[in-house]
Structure formats: structure tokens, C-alpha cells
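Q: Below is the structure I would like to discuss, written out as C-alpha cells.
The values are calculated or read from the model by the stated rules, or taken from the named source; none is laboratory data. In this text, all values refer to a predicted model and were calculated from it rather than measured experimentally. Reconstructed Cβ throughout: ideal geometry from the backbone, glycine too, with neighbour counts over all protein chains shown. In case anyone asks, the SASA skips ligands and DNA or RNA and just uses the protein heavy atoms, side chains included. Shrake-Rupley method; radii C 1.70, N 1.55, O 1.52, S 1.80 Å.
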Amino acid sequence: MELNLQELNATEFPVPVELEDNIAITSLSQLYNWGRRNSMWPMLFGLACCAIEMIATASSRFDFSRFGFEVMRATPRQADLMIVSGTVTKKMVVPIVRLYNQMPEPKYVLAMGACASGGGPFKEGYNVVSGMDKYLPVDVYVPGCPPTPQALLYGMIALQRKIDGQSIANGDDVPWYGVGSAEPTPVPVLGPDIIDPRQMDMIRRQAESAARDMEALGLRELPAITQIVAAKAETAEAVAEALPADTDALNVVLPTGGTPWQEAEDIREKRRLRALARKALRATRRAAQAEGE
Amino acid sequence: MENLAAAPEQPIETASIDDAIAYLKSNHPGAIKLDDRAGYEGIIVDPDHLVDVARVIRGELGFDYLSSATAVDYLGEGDHMEMVYHAYRTGGGGALVFKAQTDRENPAIPSLTSVWRGADFQEREAWDLYGIRFPGHPNLKRILMWEGFHGHPMRKDWREAYYEEELKPFDSRWPGGHVHRSEEKNVFGKNVNYPTDIDLNRLMDSSESAVYESLGLGVDVERIMDKDGFETNELVVNMGPHHPSTHGVFRMVLTVDGETVTSLEPVMGYLHRNHEKIGERNTYLHNIPFTDRLDYISSMGNNHGYVLAVEQLMSLGRKYNPPTYRCEALRVMMVELSRIVNHLWAIGFWLNDIGAFFTPVLYFIQERERILDFFEAVAGSRMMCNYMRFGGLFGDLPERIKSVSNLTNDRVRDYNTMQFLTEMINERIPRTIDELELLLTQNEIVLERSVDVGVLSAEDAINYSAAGPLLRGSGVAYDIRRADPYSIYPELDFDIAVEEEGDMYARYRVRVTELRESVRILRQILPRLEATKGESIWADGKPGAYQPRVPHGEAYGRVENGKGELGYYVVSAGGRGGSSNPWRYHVRAPSFINLTPLGRMSQGYKVADIVGILGSIDIVLGETDR
Ligand code: SF4
């Protein structure tokens with residue numbers, strides 16, 4: 001990368017004209033960012049079809065080294081950027097989170113393609129994670145299936161722009177400039193299905209409530225929690241009935257708990273109730289229609 | 001025909017399929033009945049006699065190559081599970097299809113690994129996804145999902161967490177037109193679901209040995225990892241799933257004695273994207289773009305195998321027009337170009353693996369870009385071409401190939417298509433191959449690293465169901481384009497590449513020869529394209545039905561893809577009018593089955609060779625794990 005001092009020079013302190021090519025006065029943040037954005041080494045790490053286009057982007061026709069992405073490193077300990085290039089499966093997300101934890105800070109994640117961004121064409125698959133951001137913080141999403149090399153380059157440059165905007169003064173912006181290193185992201189566990197340790201309590205609670213529901217609904221052999229929730233909806237004009245008669249079923253507001261986690265859970269609960277209510281509504285309508293006929 | 005056993009007119013190993021079946025019937029009366037369901041072929045064998053019958057099929061009848069073994073769940077259609085086997089002769093000819101049925105409650109079918117080692121991984125897959133047990137299997141563990149996963153997901157009554165409806169198009173999307181995010185309907189906000197009796201306390205084992213558990217290594221990991229004692233010099237080495245040389249997310253667990261590999265266990269499933277489960281919810285047409293994503297280096301070849309299988313089924317129905325000649329010629333051209341891309345890629349990355357890190361491959365990728373430009377102009381996408389249709393193609397060749405990118409350093413493209421093709425086929429690609437050969441074929445380092453390394457004998461290659469360059473590199477001249485021809489290959493002039501030695505170098509040589517043979521085929525295609533200019537690619541001049549109704553029956557369509565035999569087993573369980581969604585959709589993936597002999601090929605070689613041996617098989621994980 002060419003050293004462009006004018007670009008770096010960002011204060012009103014005057015630099016004598018004859019020294020303009022030799023001296024720049026700038027802020028520490030800018031100097032850091034300038035260094036980081038221009039030596040962003042991606043991890044040599046391919047997941048699926050998108051990886052092939054990533055390789056094409058690295059090779060001579062497109063060549064991302066031109067933009068400071070220099071060279072891919074096979075070990076996470078030498079990488080700054082994780083390009084999640086392809087479908088993230090439940091089996092694979094465990095090592096991916098471990099790799100992320102092994103990367104030194106500052107580190108960035110780029111979700112390449114539909115799969116890494118949100119599940120993509122394989123979203124409903126039983127072994128597919130619907131987007132890398134379910135487990136790791138993602139900085140840039142690049143759409144496409146696969147994104148063309150041009151699109152990937154664009155995404156990488158977008159990441160550089162993002163870095164340009166970061167500041168040491170704002171600890172939330174770049175947590176690694178704060179005190180100490182960040183907590184490692186909890187590594188998911190492969191149980192009967194993949195388990196996000198952050199959801200442990202919720203899973204336990206849901207399992208308990210599902211077990212109760214099973215009894216209440218007189219169900220025997222439904223093994224899985226969401227299927228019980230669905231079964232509840234089947235029998236459940238009950239759900240709609242349980243709500244006070246004058247409630248607008250589609251706008252149930254539940255009290256929110258204290259922690260952000262609790263809050264997220266409540267929102268989900270709300271959504272669930274809404275879905276049930278909608279389903280009940282549809283069933284009623286269908287019944288009315290059938291009667292009409 | 002009844003008395004064939006008494007007085008065979010031709011030697012049994014070459015008897016026709018019908019004669020072979022008659023022989024089996026006379027040999028095992030009572031154990032065999034013809035499969036007389038409409039549109040089905042072959043025989044149904046009583047599971048108790050399966051192993052005996054299989055021995056006869058392989059030994060006496062000469063069907064020495066087990067191409068595919070897969071399970072089907074006929075829930076509601078007879079309520080049984082079925083294993084379907086396709087056996088071929090390496091001498092050429094059609095398949096002997098045999099099946100064994102078992103009940104759904106407690107499914108078990110004797111393992112055929114003692115007859116064909118190639119059944120090994122395929123039976124493990126059937127256990128993993130269907131829960132069929134195979135008594136006699138040496139290592140019946142899950143292969144694609146992890147040990148401990150709840151349920152056997154390909155069963156028809158197993159529902160994924162984001163389950164919406166049995167079949168696409170889903171009501172909400174069509175004609176309803178409502179889009180939602182599945183996350184919002186899931187209690188956990190993720191694609192997960194748990195059994196109600198989940199025991200979270202038992203799951204937190206993150207010890208080192210847990211990493212190797214459930215692999216059935218046959219070694220005591222704890223003992224080996226105890227490095228305090230001096231008595232052990234064996235070591236377990238884990239490679240992958242994140243490893244620069246595993247060509248994706250593939251994992252190998254090696255036991256080494258010093259530097260010498262004593263055993264190797266491939267571990268896969270890290271890219272298991274549930275292709276088949278999704279494929280059975282999809283309509284037939286939906287599946288074409290999904291096949292692109294199997295072996296994503298050669299999407300055209302994947303399309304071809306799939307449309308052949310479905311066309312085979314459609315031809316059972318009343319209204320079916322086979323593709324026109326121009327369509328066939330175009331298909332063959334695309335497939336051969338894909339083969340070139342595939343082999344260049346394979347050789348390039350194999351060189352990476354043996355130490356020529358990234359320099360050679362850059363030149364091959366350059367060449368690939370050229371072909372991709374052409375694909376992009378014709379099909380609209382560089383990699384995921386989604387080009388073939390049942391009975392036709394997405395479109396004919398465009399008049400000109402134009403630049404679609406506006407990169408400033410990309411020379412603006414605007415070529416006459418035929419001229420572009422002619423130049424590419426007659427000059428550029430042959431030049432690249434010459435250059436490649438000049439620098440590599442007699443290269444001392446290449447020879448030193450690859451001759452006599454990773455040897456697989458011809459018998460083993462057949463017995464392990466190896467396919468493609470791996471099989472031909474071991475001296476078996478088996479190429480489906482010749483052995484069981486399809487499309488217009490019979491009238492094209494080309495040779496099967498074959499080398500006797502069975503080592504890495506032989507596989508390299510096979511690939512180089514195939515590159516040249518592909519160019520030879522392409523040269524014959526060019527005049528055919530000129531001659532059919534203006535002819536439609538569709539039989540009656542306009543595209544076939546968007547949503548074909550496929551008649552009841554089964555079909556196994558297979559093609560010689562870059563990586564080997566790619567087969568699609570498709571079952572249509574339609575009623576009278578046919579169905580628009582496959583009941584069973586199975587991919588016989590060469591990358592998957594070619595890994596079966598990897599352990600055997602690696603024994604006794606050094607750790608550094610393993611990487612090269614894997615590279616010489618040429619796998620792609622999208623296809624291995626599906
Ligand atoms: S986004 Fe498309 S190309 Fe990329 S990994 Fe997913 S399926 Fe493959």
C-alpha cells in the first residue's frame with residue numbers, strides 16, 4: 001500500500017510545506033485504523049461453494065492483495081479476518097467458534113454468501129445454522145449465491161470503511177482497545193441438537209414446560225419441543241381463549257424481564273403467542289368457510 | 001430361460017440381466033421375487049438370503065461393482081423400509097437392481113460389507129439417516145450427523161425444526177405470497193429442536209477424548225494420549241475439519257507410529273446440508289439448482305445426471321419428448337468443459353498438497369476463468385449454472401459473449417460466441433495442457449513425491465466402489481460414457497484414459513489424458529453445433545412443462561462426472577397423474593464413496609503423503625457430505 005501522508009494528515013496543526021512529504025500529524029485512532037485496514041489477513045478457511053469464489057478472488061484475476069488483504073493464513077492466530085465462506089452446519093459451527101476464539105484481537109467476521117448470512121438455500125436443513133450471526137458477531141454481509149469475486153471485494157472494502165470509522169475514544173466501538181481481552185464466545189455443544197450455552201436455561205425451561213404440556217394435551221410420542229408447541233397450537237383455539245376476550249390477539253404485550261436475555265426471550269414468547277393466535281384465527285375462518293359451503 | 005442353470009447358452013458372467021435374474025431365481029427359489037411395482041425394476045431379495053444372493057451376484061454373475069446402496073422409507077406406501085442396490089459389471093452394461101425390505105419399527109438388513117467393501121460408508125449413511133441396522137457391519141457409527149443426534153432425519157415422519165409443510169411450494173409462499181422468517185416461529189429463535197427428555201447435565205463433557213469418541217478408531221485413545229509412559233510410541237493426530245489441505249471441511253484422524261501412518265479414519269458431515277431431505281420436499285424442477293451445489297466445481301455435470309434420471313422416469317409416461325440433437329450436443333459440450341475445469345482444479349490443488357504451494361494453481365484458475373466467462377454468458381452465472389432442464393436446456397448459446405463485470409482492469413469482452421469457443425478449444429486449452437505437461441509430467445519432484453505412493457490395486461478399487469480417475473488410475477478401464485453410454489457419447493470418438501500403476505502419479509496421468517480427450521470431444525462438438533444452428537433445443541420448439549408430472553416408478557441416472565460416477569436415484573410415488581415432488585431423491589456421490597478406500601490407501605505411508613493421497617482422490621465436500 002502506498003504511503004499517503006496527506007490522507008493521514010488530519011489535524012489543523014500546520015506542517016511546514018517543505019516537510020509535508022515527511023511528516024504527518026494525525027490522531028492515534030486514525031493511525032491505528034490506517035494500519036489495520038491495510039493489513040487485513042484473512043484466515044485460509046473455506047466452508048463450501050462460496051470458498052471457491054473466495055479462492056478465485058484471491059487469485060490473479062481479482063487479487064485481493066491489492067487492497068491490503070495480502071495473504072491468507074492457515075492458522076487463526078495469524079489472521080485478522082474470518083471470511084465465513086459457505087454454509088455453516090451445526091457440526092461445523094463448533095470448530096468455527098473455537099477458531100474465532102483463537103484469533104487475536106482486533107478481529108472481524110465477514111459473512112460471504114446467502115448461507116453464511118442467513119442460511120441460504122439450505123436454511124431449512126436439519127444440520128444447517130441459519131446464519132453465522134446466530135453464534136458470532138458479523139461485521140459485513142455479502143449477498144449472493146455465490147457472490148461474484150467483485151461482490152466479495154466490495155464487501156471487503158466495506159469492511160475497511162467500517163474500520164476507518166472506529167475510534168479508540170469510544171470503547172464500545174472497538175472493545176479490544178478497552179481494558180483486557182474480551183470474553184471468549186461460548187462454544188456450542190453437540191447434544192441431541194446443537195446447544196448454544198447461552199440458551200441453556202431457556203432450553204431447560206422449555207423442556208420442563210413441554211413435558212407439562214405433553215401431559216395436559218394427552219400427548220404420548222411427540223419427541224421434540226417445538227412439535228409440542230405446534231401441537232398446542234392445533235388444540236388451541238385454547239390459546240386464543242385463554243386471553244381476555246377483548247385483547248387484540250395479534251398485539252399481546254407481555255411484561256419484560258430484567259436482563260437483555262430475558263427480554264429477548266419475552267419477545268420470542270410474544271411472537272409465539274401471536275403465531276398461535278393467528279393460527280387459531282385462520283382455523284376459525286376455515287371452519288366458518290366450511291360451514292358456509 | 002428357465003433351465004439356464006442347467007445349460008447356459010453364454011457364460012454366466014456375461015449373461016444378460018434377464019438371464020442373470022432367471023439364474024438367481026433358479027438358484028435361490030423362494031428367496032427372490034420380481035419387483036413388479038409399476039415403473040420399478042429388478043428383484044426383491046429376502047433379507048435372510050441377502051448375503052448369499054449378493055455373493056452369487058458378484059462371484060458367479062460377475063456384477064463386481066456395487067455402484068450404489070441406499071435406503072428408502074415407504075411410510076404410507078406399504079410401511080416398510082427398503083435398501084436398494086445397483087450392481088454393475090466393470091466389463092460394461094446395465095445394472096442388476098436388487099432390494100431388500102424390512103419393517104419400519106425395528107429395521108435391520110444384513111450388511112454387505114463382506115461382499116463389497118464399497119457398501120461400508122453407504123450402509124453407515126443408511127443407519128445414520130434412516131436408522132436401519134446392518135448386522136455384520138464392522139463399524140456401524142453415524143457418519144454425517146454426530147453421535148447422539150436425536151432421531152434419524154431422513155425418515156418420512158421425522159421433522160426438521162423449521163418444518164413448514166410436507167411439500168413445496170409451501171402454501172404461505174404460493175399462492176399466498178407471505179414471507180416469514182422461520183426463526184420467528186421457532187421457540188429458540190434458531191434452527192434447533194430438542195427432545196423433551198433432554199438431559200443437559202450429561203452434555204458438558206469437553207475432554208480431549210470426547211473429540212475422538214464415536215469414531216470407532218479401534219485404538220485406545222486414552223492410552224495413546226498418555227504421554228507419560230515410555231512404552232507407547234503411537235500417536236493420534238487430528239487433521240481438520242479446519243486444515244488447509246483437506247479441500248474443505250473434512251477431517252482425518254490418523255494413528256501414526258513415528259511418521260508412518262498405521263490407520264486413518266475419515267470423519268465427515270461437516271458440510272452435511274441435508275440435500276436429500278430438502279430435495280424430497282422440493283419439486284423436481286426445484287432440485288436442479290440444488291444439484292449445482294453438490295460438486296460445485298462442475299455444476300453442469302451434476303445437472304446432467306439429474307435431468308437424465310428424471311427424463312428416464314418421464315419417458316415411462318405418455319407425454320414425453322426426448323431432447324433434440326442440438327440440445328444433446330450442447331449438454332455434452334458443457335459437461336466436457338466442466339470436466340476440464342474440474343481436472344485443472346484437481347491437479348492444481350493436488351500440486352498444492354505435495355508442496356508446490358499455489359503457484360501452479362494460479363495458472364489453472366486463470367484458464368478456468370475463461371471457461372466461466374463462457375458459462376456466465378450462456379447460463380447467467382459463473383459457478384451455479386442451473387442450465388439443464390427436463391427435455392431441454394435453459395437457453396441456447398447467445399450470439400455474442402459480453403462483459404458483465406465493470407471492473408476497470410477487466411478487458412472489455414465482446415466476442416462472437418462460436419469464434420470464442422473455437423479459439424478456446426483449439427488453441428488456449430491445448431496450450432495450457434501442453435504447458436502443464438511440460439512443467440510437471442517429468443518433473444523430478446512430482447515423480448519423487450507421487451510414484452508408488454498411495455497405491456490402490458485394481459481389485460481393491462473395484463471392491464471399494466472407487467470411481468472416476470481413482471478407478472481408472474488403478475488399471476480398470478471403466479468409464480460410464482463407454483460402459484453404459486448416454487446422450488450422444490456413442491457416436492463420439494474418444495478413448496478411455498487408463499493407467500496400470502494405481503499410485504498418485506497414475507491418477508495424475510489419467511487426468512491429463514482425460515483433459516486431452518475432452519478437448520478431442522469438444523473438437524467434434526463444434527461442427528455439430530454449426531450444423532444444427534437454428535435448430536430448437538426443445539423437442540416441440542417451446543420449453544417443456546414448468547412443473548412436470550413425473551409418472552410412478554424409480555430411475556437411476558448416472559453420468560461420468562469429473563470426480564467419478566455421479567448417480568441419482570429418484571423414486572416417484574405419484575398417483576395416476578404422476579407427482580411433482582420426488583418421494584426419494586438420493587445422490588450417489590463419487591467424492592463420498594471414493595473416500596471408502598482412503599484408510600487402506602494411506603496405511604504405511606508418511607504423514608506428509610496423506611495430504612497428497614487425499615488430493616489425488618479429488619474430493620469436494622459439497623458432494624461428500626451433501
Ligand atoms: S451461498 Fe450459495 S454458493 Fe455460497 S455456500 Fe451457500 S449455497 Fe454455496
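Q: Gain in length, A:Asp63 to A:Ala158, computed as 0.36 nm per residue apart minus the alpha-carbon separation, to one decimal in nm?
A: Extending this stretch completely gives an extra 32.6 nm.
Q: May I pose another question? For a quick protection proxy, order the peptides B:547-556, B:295-304, B:22-31 by their average other-Cβ count within 10 Å, most packed first.
A: B:295-304, B:547-556, B:22-31
Q: Residue-wise, which Karplus ³J(HN,Hα) couplings in Hz belong to the stretch B:172-177, taking 6.51 cos²θ - 1.76 cosθ + 1.60, θ = phi - 60°, and x for glycine or proline?
A: Ordered by residue, 3J(HN,Hα) equals 5, 8, 9, x, x, x Hz.
Q: For the stretch A:120-134, take each phi angle, set θ = phi - 60°, evaluate the Karplus expression 6.51 cos²θ - 1.76 cosθ + 1.60, and give the result in whole Hz per residue in order, putting x for glycine and proline.
A: After applying 6.51 cos²θ - 1.76 cosθ + 1.60, I find x, x, 9, 3, 6, x, 5, 10, 10, 8, 7, x, 4, 6, 5 Hz.
Q: May I pose another question? Assuming 0.36 nm per residue, please report the length gained on full extension of the stretch B:Val179 to B:Asp157 beyond their Cα-Cα distance.
A: Extra length from B:Val179 to B:Asp157 when fully extended: 5.4 nm.
Q: Then there is this: Can you give me the distance in nm between label points at B:Tyr325 and A:Glu291, each placed 7 Å from the Cα along the Cα-to-Cβ direction?
A: Inter-label distance under the simple model: 6.8 nm.
Q: Counting only protein heavy atoms and rolling a 1.4 Å probe, how much accessible area do A and B lose on contact, total for both sides, in Å² to 100?
A: Chain pair A/B: roughly 6600 Å² of buried accessible area.
Q: Percent relative contact order of the stretch B:275-625, based on C-alpha pairs within less than 8 angstrom and at least six residues apart?
A: Answer for the stretch B:275-625 is 27 percent.
Q: Each label point is 7 Å from the Cα along the Cα-to-Cβ direction; what then is the distance between the points at A:Ile25 and B:Phe358, in nm?
A: Distance between the two pseudo-spin positions: 4.1 nm.
Q: A further question on this structure: Determine the alpha carbon to alpha carbon distance for each of A:Lys90/A:Lys123; B:Lys277/B:Lys319; A:Lys90/B:Lys190; B:Lys25/B:Lys99; B:Lys319/B:Lys533 and list only those over 18 Å.
A: Over 18 Å Cα-Cα: B:Lys277/B:Lys319; B:Lys319/B:Lys533.
Q: Sticking with this structure for a sec: Could you please state, rounded to a whole Å, how far the C-alpha centre of the stretch B:518-593 is from the C-alpha centre of the stretch B:265-311?
A: 13
Q: Determine the shape class of chain B: with a ≥ b ≥ c the square roots of the Cα gyration tensor eigenvalues, call it rounded for a/c under 1.5, and otherwise prolate if a/b is greater than b/c, oblate otherwise.
A: Rounded, since a/c falls under 1.5.
Q: To the nearest 0.05, what FRET efficiency results for B:Ser114 and A:Thr75 with a Förster distance of 60 Å applied to their C-beta separation?
A: 0.90
Q: What list of ³J(HN,Hα) couplings, whole Hz, do you get for the stretch B:494-502 from phi and the Karplus terms 6.51, -1.76, 1.60, once you set θ to phi - 60° and write x for glycine and proline?
A: Karplus values, whole Hz, x for Gly and Pro: 7, 10, 7, 7, 8, 10, 7, 6, x.
Q: Rounded to the nearest 0.05, what FRET efficiency do A:Val189 and B:Glu234 have when you use their Cβ-Cβ distance and R0 = 22 Å?
A: 0.15
Q: With a sphere of radius 12 Å drawn around the Cβ of B:Phe374, what net charge do the other residues whose Cβ falls strictly inside it have (Lys, Arg +1; Asp, Glu -1)?
A: So the surrounding residues net to +2.
Q: Another question, if that's okay. Decide, for the stretch A:40-148, between rounded, prolate and oblate: order the square roots of the alpha carbon gyration tensor eigenvalues as a ≥ b ≥ c, take rounded if a/c falls under 1.5, and otherwise choose prolate if a/b is larger than b/c, else oblate.
A: oblate
Q: In addition: Taking a spot 7 Å from the Cα of B:Asp540 along the direction of its beta carbon, which residues of the stretch B:279-320 have an amide N less than 17 Å from it?
A: Residues B:314-320 fall inside that zone.
Q: So which GluC sites (Glu not before Pro) in the stretch B:28-137 pass both tests, a DSSP loop state and at most 11 other Cβ atoms within 10 Å of the Cβ?
A: Those that pass, being in a loop and sparsely packed, are B:Glu105.
Q: Fully extended, how many nm does the chain gain between B:Leu285 and B:Ser16 (0.36 nm per residue separation, minus their Cα-Cα distance)?
A: Separation in residues times 0.36 nm, less the Cα-Cα distance, equals 93.4 nm.
Q: Would you tell me the mean number of C-beta atoms belonging to other protein chains that fall within 10 Å of each C-beta in B:283-290, as a whole number?
A: 1
Q: Would you tell me the mean number of C-beta atoms belonging to other protein chains that fall within 10 Å of each C-beta in A:61-68, as a whole number?
A: For peptide A:61-68, the averaged partner shielding equals 2.
Q: A further question on this structure: Near the amide H of A:Val128, under 5 Å away, which other amide H atoms are found, from residues 5 or more places off or on another chain, if H is placed in the peptide plane?
A: Placed amide hydrogens put A:Lys90 under 5 Å from A:Val128.
Q: Another question, if that's okay. Shielding by partners for A:83-91, please: the mean number of other protein chain Cβ atoms within 10 Å of each residue's Cβ.
A: 6
Q: Right, here's the next one. How far apart, in nm, are two points set 7 Å out from the Cα along the Cα-to-Cβ line at A:Gln150 and at B:Glu437?
A: Label at A:Gln150, label at B:Glu437, 3.7 nm between them.
Q: Something else now. For the stretch A:17-54 and the stretch B:79-157, compute the distance between their C-alpha centroids and round to whole Å.
A: Rounded to whole Å, the Cα centres lie 52 Å apart.
Q: So what's the net charge close to B:Gly502: Lys and Arg +1, Asp and Glu -1, counting the other residues with Cβ under 12 Å from its Cβ?
A: -3
Q: Okay, next question. Rounded to the nearest 0.05, what FRET efficiency do B:Asp199 and B:Asp493 have when you use their Cβ-Cβ distance and R0 = 60 Å?
A: Result of the calculation: an efficiency of 0.40.
Q: Net charge near B:Arg528: determine it from the other residues with C-beta under 15 Å of the C-beta of B:Arg528, scoring Lys and Arg +1 and Asp and Glu -1.
A: Once positives and negatives cancel, what remains is -2.
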